[in-house]
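Quick note: the coordinates plus some simple rules give every number you see, no bench work behind them. Since we're looking at a predicted model, the values are computed, not measured.
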Amino acid sequence: MAYFVTGATGFIGRYLVERLLTRGNRVYVLVRPQSMQKFEALREWWGTRGSRVVPIAGDLAEPNLGVSAANIRKLTGKIDHFFHLAAIYDLKASADEQETANVVGTDHAMQFADGVQAGCFHLVSSIAAAGLYKGTFRENMFEEASGLDHPYFRTKHESEALVRSRCKRPWRVYRPGLVVGHSQTGQIDKIDGPYYFFKMIQKLRHALPAWFPLIGVEGGYINLVPVDFVAAAMDHLAHVEGQDGQCFHLIDPRQRRVGEVLNLFARAGHAPTMAFRLDPKLLELIPVAVTASMASYRPLQQMIDTILRDLQIPRDVLQFSNWQTRFDSRGAQRLLEGTDIRVPPLEDYAWRLWDYWERHLDPDLSLDRSLAGAVRGKVVLITGGSSGIGLAAAERCADAGAKVVIVARDMEKLEAARAKIAEHGGTVFTYQCDIADYQACDAFARQVLAEHGGVDVLVNNAGRSIRRSIDLSYDRFHDFERTMQLNYFAVVRLTMALLPSMLERGGHIVNISSIGVLSNAPRFSGYVSSKAAMEAWTRCAAAEFADRGVSFTIINMPLVRTPMIAPTKIYEQMPVATPDEAADMIAEAIIGRPKRIATKLGLAAEVLHLAAPRITEVIMNTAFRMFPDSSSAKGDSSDNKPELAPTKEAVLFASLLRGVHW
């Protein structure tokens, strides 16, 4: 017995061919020339039986499948069963692509099958051929299909219509449900169907503990079947005598709601589940005029598109999340009785599907998560790059292959930084400039644009910190002016000078803020307020440029041992972060482009401040009294008056809250 299979190199096809090889002497498969390498890999996958798989060069889009006249003559009268699987099973494909593959391809397959006088023509259709029919769709139903506006549904229906009305060979039709991975291995070759929601589940797992109860929507019906069941059922049903002209639903007899299925996969991924699922009928209570108005409201649609893009879910998938069609498969089930071909419970293999996706198909696996992948060959400008955090970040970026531009006031330190980076083979350009001087800042920006063409990554790191209580600042308003001048106005001025060029390059602005903004650190009112202003500007700018390709990241940096904190001697006895640890945070920001990076302690401080501001105020006041002002802050910088050493309680307190400014 001999077979001919189109789509043999596809997902269902490879498993069907594997089954057919246990029956026949030859399996001929249609292979496009560009898919020959993939075919040869599959021949090895089929093992020793793979030698009986014969490739036939052709193309679905060509009449007679593009098969040569010589091959047509060779195959005429020798094909007992013709399986047509080649099609597009992808909601993201264009209407033209689906029309060519699903409708025109089926017409060409029937033409070829008739030309070689094949036995039975087997069409692998889909439950999508029923469209959005409301109610139970039986195997003997076809014309009753409705809601065929989407090209995937329409082309599946039209291809089946061609077979029913024009096929000159005996025929059988198979309508699988949404085909997922192998129930024993989890293997699948692409993301489709329920897999589109796996990234959302994964993000929920990272954001929330598994026990956290969620509220969701029950949704419509979704019917999943593993590929091994589909291949086995097709193989068996194709060889049952007397079933020509019949259609078989290859589905899970148990009808499941979308909410139930998502919860099963959430448990498989150790993510929180929907403890409460709202009945979709509740949505029907909303007046049509209201839903129509919401559907046309552009800001709402932009917000939805942004969320879907972040979760990597195609918008088309949403319209099928409330699918009300149920499918009857009694005909197929009757013919499968007496065999071991059954749809296993999803509970038994959902974890395999999740595990295979996370290990092999998670889109994030293909991303270059290295700093080199983010900055190689790009211009990275770091202010305050001659020492401390800026120098550590500059070294890291230069080592990763970036063209690093550093700017600072001290030429001697700049030269030392340049020599240190160049010694390790890095590319670095140094500029002496006080960016708090507006004219100098503007001239520096013009020079960078002229000499480097633009900036890809801007790290606004240069800053000034003043540790002095308000009680000692009544006559020192200039402290607030100085910090604001550098930490806020200089950042805004330089960023705006470079932004036009960054729009053309999909640039990224990384603004170094402080954990003090989250913890509301006392004794740092001038510093924290300037950083808070910068954060507010950054958030506003991010909102304006969200649709123009420029990214903004705020880093709430903890206390770092740099020359800036050296005047405060008590910090020498307290645990603080190192410049290398700070550079790690900057590298993380450049690679992932998150909206914010902060330590867990910083985020906890912000949450506590929002939830219990009075308690937070008392805690911070206790710390304020525990750590004294420095001698210089008091206006006494004489060498014969050393600063008081911090108490044991203060050191312990600082150790528990490592990184917070005191």
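Cα centroids of segment 377-407 and segment 351-365: how far apart, whole angstrom?
When both Cα centres are located, 36 Å separates them.
Rg over Rh of the chain, using C-alpha atoms and the Kirkwood radius, what does it come to?
Radius of gyration relative to Kirkwood radius: 1.11.
Based on the Cα gyration tensor of segment 2-366, what are the three equivalent ellipsoid semi-axes, each the root of five times an eigenvalue, rounded to whole Å and given largest first?
After scaling each eigenvalue by five and taking roots: 36, 23, 20 Å.
Tell me which residues come under 5 Å, amide H to amide H, from M557 once H is placed; ignore anything under 5 positions away on its chain.
S513, S514, I515
Got the relative contact order for segment 2-366 handy, in percent, Cα pairs under 8 Å and 6 or more residues apart?
Here the relative contact order equals 18 percent.
Tell me, what is the percent relative contact order of the chain, built from C-alpha pairs under 8 Å that lie six or more residues apart?
Reported relative contact order: 9 percent.
Under the rule of at least 5 residues apart or a separate chain, name every residue whose amide H is placed under 5 Å from the amide H of R596.
Excluding prolines and chain starts, which carry no amide H, the hits are I554.
Can you give the convex hull volume of the alpha carbon atoms of segment 415-548 per residue, in Å³?
Dividing the Cα hull volume of segment 415-548 by its residues yields 134 Å³.
Rounded to the nearest Å, what's the spacing between the alpha carbon centres of segment 487-537 and segment 206-230? Just the number, please.
41 Å
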